[in-house]
1. May I ask you to order 62-70, 194-202 by the average number of other C-beta atoms within 10 Å around their residues, highest value first?
2. Which pairs in the list K44/K204; K63/K204; K83/K204; K21/K44; K21/K63 are over 22 Å apart, alpha-carbon to alpha-carbon?
3. Assuming R0 = 25 Å, can you tell me the calculated FRET efficiency for the pair Q196 and E170, based on Cβ-Cβ distance, to the nearest 0.05?
4. Once both labels are modelled 7 Å past Cα along the beta-carbon direction, what's the Q159-H25 spacing in nm?
Amino acid sequence: MENVFNSLNLLGEIFSYLDLKDIAHFRATAKKWRKLAERAQLWKPILHRSFPQVRILEDLQWKAVEEVFTSLKDVRNASFEPKNSYTVGVLGCLGELIHHNDSRLNGLEKAGLLGAFSCYMVGQIMISICMLSIPSVSKIEFLLGAVHCWLIQVDGKKQHWENDLNQYLEGLNQYGIRHGVVLVNSVEINESEILQRCGQQGYKVITLRTLNEDAVDMITREVLSVSREHGETARMKFEKSLEEKQFPDQANSNKKKKCLIY
């Protein structure tokens, strides 16, 4: 029995059969058990088993695990929305990808790339990502205030795909957007001048040939990186510019009032 208590691997195996309440009790028993109870390796299979709709990121933390169990214990509660929610505007089409033969990807082939993003994701915090497919560049303006990150998809097997990518970049550029994620099918970055230029301008460039869990996780990380770094700032700037365009007289009168007060 003493050997069992001294073996983190054996304890981890035992803990994996317990629920959150039991592990929370054991976590408070000793330092060693607390460290074990907060290991991502322990929680990944438990989360997969309890909440298959949740995508687990590499930087999984105990606090986020607690939030998942607290918030999603009743999976029928469709009205729940995490504090950290991001909206991604998707432009273009990626074309056909090879699907990796893996038992973990049963639903991925049917769902496609956009459907692969779960309703909820969990890493250091709990996150929700909503993907909005934009039919054309001309519709960008209507969603600028809602989108945190733009995802441009291009089929590299298509003739003149660079023209499509350039069109999307110019469409975003006219609204002052010079960051996002560029996703290209079947093209290497070092083979394309326009992709290298995207990277230099601040876009995150990802090239894909195969659709698998690693690819989805990589896209998720880049989307979250852009959303956190630029998303809120871009939205605030856009909303401010809208107010100035729609109510210039009111903005000027406010300035005059402030001058009179001072």
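What follows draws every value from the coordinates through simple rules; no lab data is involved. A quick note: this is a predicted structure, and the numbers were derived from the prediction, not measured. Because the Cβ atoms are built from the backbone with ideal geometry, glycine has one as well, and the counts that use them run over all protein chains shown.
1. 62-70, 194-202
2. Table pairs above 22 Å Cα-Cα are K44/K204; K63/K204; K83/K204.
3. On the way: r = 17 Å, r/R0 = 0.70.
It comes to 0.90.
4. Computed distance between label sites Q159 and H25 equals 7.0 nm.
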